[in-house]
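Data block below; observations after.
Coordinate-derived values only; no laboratory data. Fair warning: this is a prediction, and the values are worked out from it, not measured in the lab. Cβ: placed from backbone, ideal geometry, glycine included. Neighbour counts: every protein chain shown.
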Amino acid sequence: MAYLTQPDYVKYICSCGQLKPITSLYFCRHCLKIRCGFCICHEVDSHYCANCLENMPSSEARLKKNRCSSCFDCPSCFHTLSTRATTQQRQVLQDPAAGGDTKVESKQPKKMYYLSCFNCRWTSRDVGIPDQPVASGGWPERTNPHAARVNQLIDYYKAIAQQEKQEKIERERKKFNIRGKYITLTDKTGLTGAMARNIAGLPSSESSSSAIANFVPSVATAEVEELPEDTFTKEVNLNQITSMPQRLASPDWQPVCVSRLHPLAKLLSVKRSQRCRACDHNLTKPEYNPGSIKFKIELLAYYHVPEVKIISHEPVKSGEKTALFLKLTNPTGHEMQLRLLQPEDIPPPEDKEEPKSIDKSLERSLVLEKDTTAFKAIERQPNISATSRVTSPGVTLTLAQRDDAAEYDDDAQHDTNDIILWRKSNKLGVRLEVDTSEDAVGGSPARALFALQYSYRNTVPPAPSAAHTRDHTLYTTVLLDLGTVSSN
Amino acid sequence: MALYEGIALIQEKQAVVLDLGTDYTKFGFTGEAAPRCIVRSEFWSAAERRLRRVHDYATPDELYDNLVHMLHLLYFRHVLVNPKERKVVVVESLLTPTLFRETLAKVLFTHYEVSGVIWADSPRLCALTLGTPAALVINIGAKEAEVAAVVHSCVVLQALVSQPLGAHAVHAELARLLDEDNGTTLHLPDDVIEDIKVKTCFVSPLERATAWASGSPPRAARSVRYSCGARGSITVSGRARELAAEPLFVRDGELASLPDAVLQSLARCPRDARRALAGNVLLAGGGGPARPARALAAELARAARAALRRAPARAGVPLPRAARARQRAGLAGRGGTGR
């Protein structure tokens with residue numbers, strides 16, 4: 001059971017040990033394991049602008065510094081700016097010789113555009129940015145005031161690095177080649193190093209040293225700028241000074257006063273694809289179109305793992321058994337056998353370490369099986385401190401496959417018994433008991449733990465080499481939040 | 001042509017630069033003049049339904065989770081690159097706790113599978129932006145002010161002085177002064193205090209600071225009405241505006257003020273480097289209020305004179321001739337010159 005805004009009452013334990021609601025879990029069909037956002041690999045799939053829903057190839061996005069060229073954010077309140085149009089009477093050219101023609105033209109109003117924020121009423125006119133004749137683009141861009149200096153520094157350090165590298169190579173050569181046994185090309189042809197460098201099109205050694213020679217280090221000044229005279233007498237207008245978020249929104253300029261604010265080009269967003277860390281298969285892959293919310297690949301746990309919902313429960317009392325009603329849903333297109341177990345009953349995952357033979361290891365090295373040691377590092381022991389247990393009734397429940405048409409049948413099958421409350425297509429209401437331990441203190445959170453064993457039919461077409469079984473028995477552990485332990 | 005990335009065939013991809021500060025995180029690419037983003041070092045924790053700060057942790061696992069979430073935010077919301085294919089330059093203080101450093105390494109290598117990481121200390125990167133052979137870097141951070149001497153791109157380790165005189169010290173003093181002004185305990189949130197600091201506070205000249213301390217206070221600057229939304233408005237007196245940054249400069253018995261830290265650092269440097277270092281003081285970091293360089297220069301002169309008077313043995317310390325200020329939040333994050 002998961003809600004958008006409420007706390008999550010039913011949490012599953014991911015294979016990496018994290019507790020997550022079913023809506024934020026994935027299910028890898030190749031490893032047959034539950035994965036979550038913590039233990040999978042996220043990748044940037046495509047860049048798009050969230051405002052104009054325009055796709056941008058990643059190379060272009062890199063050139064534009066991940067900014068949209070036509071959408072802007074308000075530098076004052078970070079709301080999206082809108083383009084407003086005004087009509088402007090064109091300047092009448094007072095040319096007596098031209099006669100009537102200019103007059104006709106001057107009457108034609110010209111459309112001019114400026115940016116305006118509908119939230120805080122900031123406009124690009126406030127800071128003296130001239131109106132533009134075109135609706136999108138063409139806004140003046142500012143460059144970083146320190147860009148030239150930083151580039152100079154980079155050139156300087158690159159030159160130094162290159163020089164040091166060259167010196168090192170020279171040294172090496174001298175060390176190993178004291179008395180040249182072999183005639184080198186340069187010896188034979190009388191080609192000097194500088195000439196060879198020139199022919200090869202490499203920058204000559206002089207040019208690198210010129211970057212070093214021309215470099216001027218920053219000079220310290222003894223005069224430090226004084227406080228302005230009127231600091232102690234002038235009234236401070238807080239509206240004229242930018243706040244910290246406003247400054248940091250444009251890291252290149254960090255304007256101190258409001259008049260220096262400049263529209264912020266909108267930062268692009270990315271669509272992400274998810275990949276299983278253990279087997280490198282895609283778990284989700286979004287569609288390329290930014291307007292589409294669909295996925296090409298969508299292996300969510302919600303479509304593969306039986307969903308548990310709490311219908312109702314008695315208040316949990318320490319040392320007592322209380323009733324609990326659960327709803328179990330089979331989301332898959334195949335019939336599912338379910339058993340409720342205790343978490344300890346889950347058999348440990350058998351080590352699939354085949355007897356090592358040369359063939360096998362060779363095959364393995366050819367297949368380039370993924371090194372799973374990194375995945376082991378991410379795994380951790382789940383934090384389950386449950387004082388209650390859901391008693392396992394010891395029967396196998398069968399859940400029919402999901403059938404969208406069955407929604408319209410109302411004849412619920414009534415094979416009810418002690419455990420089964422009702423049954424409706426792929427859903428099942430069960431009556432269970434929660435056994436709370438004696439030492440549960442009143443007022444402490446009541447959390448009940450149980451394990452689910454369920455059959456799963458794998459529909460992935462089998463790899464040609466692997467022995468393939470279609471039906472699997474899988475396990476998952478579920479933690480229910482049943483409020484607090486009642487104090488009496 | 002540029003779209004073909006012809007350069008990328010020869011050159012490897014731009015690395016990313018990560019500076020995970022206590023308050024603000026700077027993240028960007030190497031070779032660029034400014035970080036791509038400067039954001040608060042906090043992320044939304046869905047489980048706890050509140051913003052969590054990266055540096056609030058009790059256990060190593062908690063820190064690991066914090067870093068994973070923060071880096072996810074930085075990579076996929078701000079810089080929009082695949083973490084796998086980029087090398088990382090981590091800008092950090094030399095005094096970063098080992099646990100933090102190791103956990104960050106673990107997160108970067110095992111969780112994000114980055115192809116390479118280099119740890120670079122911030123004083124050295126700050127000094128690189130000057131191109132001078134020797135520089136004394138004063139970095140006023142969120143928690144601490146760190147004074148480090150950098151000679152030919154090497155940090156003189158024995159001359160590293162760190163004092164808890166960062167933005168938090170200024171904020172605490174400002175909160176105290178504001179409580180005095182308004183006669184109540186205001187319990188203003190940290191971001192409001194910071195906003196008041198950047199909008200109203202300044203560092204007053206040495207004469208005025210001594211006059212305030214002497215008991216015959218000078219005529220205070222204009223006070224400001226600062227409105228904090230639903231709570232109504234509060235008064236920020238001229239005194240609070242002037243004295244908020246004083247904790248950085250006030251000398252106590254332990255000589256733990258910022259000018260003293262600078263002098264101590266200088267005194268621990270090799271003798272032949274001291275003159276060059278004292279002539280090249282670089283002020284970095286975004287912790288202090290606006291333009292503290294002027295005050296620092298005057299205070300340094302005062303402290304140096306006092307030190308000379310008090311400890312003749314230290315006569316080798318030359319008077320600081322100049323202080324070059326370049327105060328920009330996240331200057332360290334500009335360590336784009338590494339390549």
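Work out Dmax and Rg for region B:167-247 from the C-alpha atoms and quote the Rg first, both in angstrom.
Calculated on Cα positions, Rg and Dmax stand at 12.3, 39 Å.
Let me know the charge dipole size of region B:3-115 about its Cα centre in debye, to the nearest 20, where only the beta-carbon of Lys, Arg (+1) and Asp, Glu (-1) is charged.
220 debye
Please report, in whole Å³, the volume per residue of the convex hull around the C-alpha atoms of region B:72-126.
Spelled out: Cα convex hull of region B:72-126, divided by residues, is 83 Å³.
What ranking of A:Glu344, A:Glu379 emerges when the number of other C-beta atoms within 10 Å of each C-beta is taken as an exposure proxy, fewest first?
With the sparsest Cβ surroundings first, the list reads A:Glu344, A:Glu379.
Rank the residues B:Trp44, A:Trp139 as a footprinting-exposure proxy: fewest other Cβ atoms within 10 Å of their Cβ go first.
B:Trp44, A:Trp139
With all distinct Cα pairs included, what does the Kirkwood hydrodynamic radius of region B:3-115 come out to in Å, to one decimal, could you say?
One over the average 1/r among Cα pairs gives 14.8 Å for region B:3-115.
I'd like the FRET efficiency for A:Lys64 and B:Thr96, computed as 1/(1 + (r/R0)^6) with the beta carbon distance as r and R0 of 25 Å, rounded to 0.05.
The computed FRET efficiency comes out at 0.15.
Hey, if you put +1 on the Cβ of every Lys and Arg and -1 on every Asp and Glu Cβ in region B:3-115, which of B:Leu104, B:Pro83, B:Thr59 ends up farthest toward the positive end of that dipole?
Final value for the positive-end residue is B:Pro83.
Using C-alpha positions alone, give me the convex hull volume of region B:195-241 per residue in cubic angstrom.
Given the Cα convex hull of region B:195-241, per-residue volume reads 72 Å³.
Work out the mean other chain Cβ neighbour count within 10 Å for the residues of B:233-240 and drop it here as an integer.
1
Quick one: compute the contact order of region B:167-247, relative version, from alpha carbon pairs under 8 angstrom and 6+ residues apart, as a percent.
Across region B:167-247, relative contact order equals 42 percent.
Give the separation of the Cα centroids, region A:23-91 to region B:8-82, in Å.
Their Cα centres are 18 Å away from one another.
At 0.692 mPa s and 37 °C, plugging the Kirkwood radius over alpha-carbon pairs of region B:46-96 into Stokes-Einstein gives what diffusion coefficient in µm²/s?
Using the Kirkwood radius from Cα pairs, D works out to 258 µm²/s.
Give or take rounding to whole Å, what are the principal axis extents of the alpha carbon atoms in region B:50-165, in descending order?
Principal-axis extents of region B:50-165 (Cα, largest first): 39, 31, 22 Å.
What ranking do B:Phe100, A:Phe118, B:Phe249 get, fewest neighbouring Cβ atoms within 10 angstrom at the top?
Fewest-to-most Cβ neighbours within 10 Å comes out as A:Phe118, B:Phe100, B:Phe249.
A 24 angstrom limit on the alpha carbon distance is what I want to check against. Which of A:Lys294/B:Lys87; A:Lys65/B:Lys84; A:Lys20/A:Lys321; A:Lys20/A:Lys309; A:Lys33/B:Lys87; A:Lys65/B:Lys143 exceed it?
Correct reply: A:Lys294/B:Lys87; A:Lys20/A:Lys321; A:Lys33/B:Lys87; A:Lys65/B:Lys143.
Where the centroid of each part is defined by its Cα atoms, how far is region A:383-407 from region A:430-460 in Å?
Here the two parts' Cα centres lie 10 Å apart.
Is there a simple number for the mean count of other chain Cβ atoms within 10 Å of the Cβ of residues in A:39-45, and what is it?
Mean number of neighbouring Cβ atoms from other chains: 4.
Taking every residue in A:147-158, how many Cβ atoms of other protein chains lie within 10 Å of its Cβ, on average?
4
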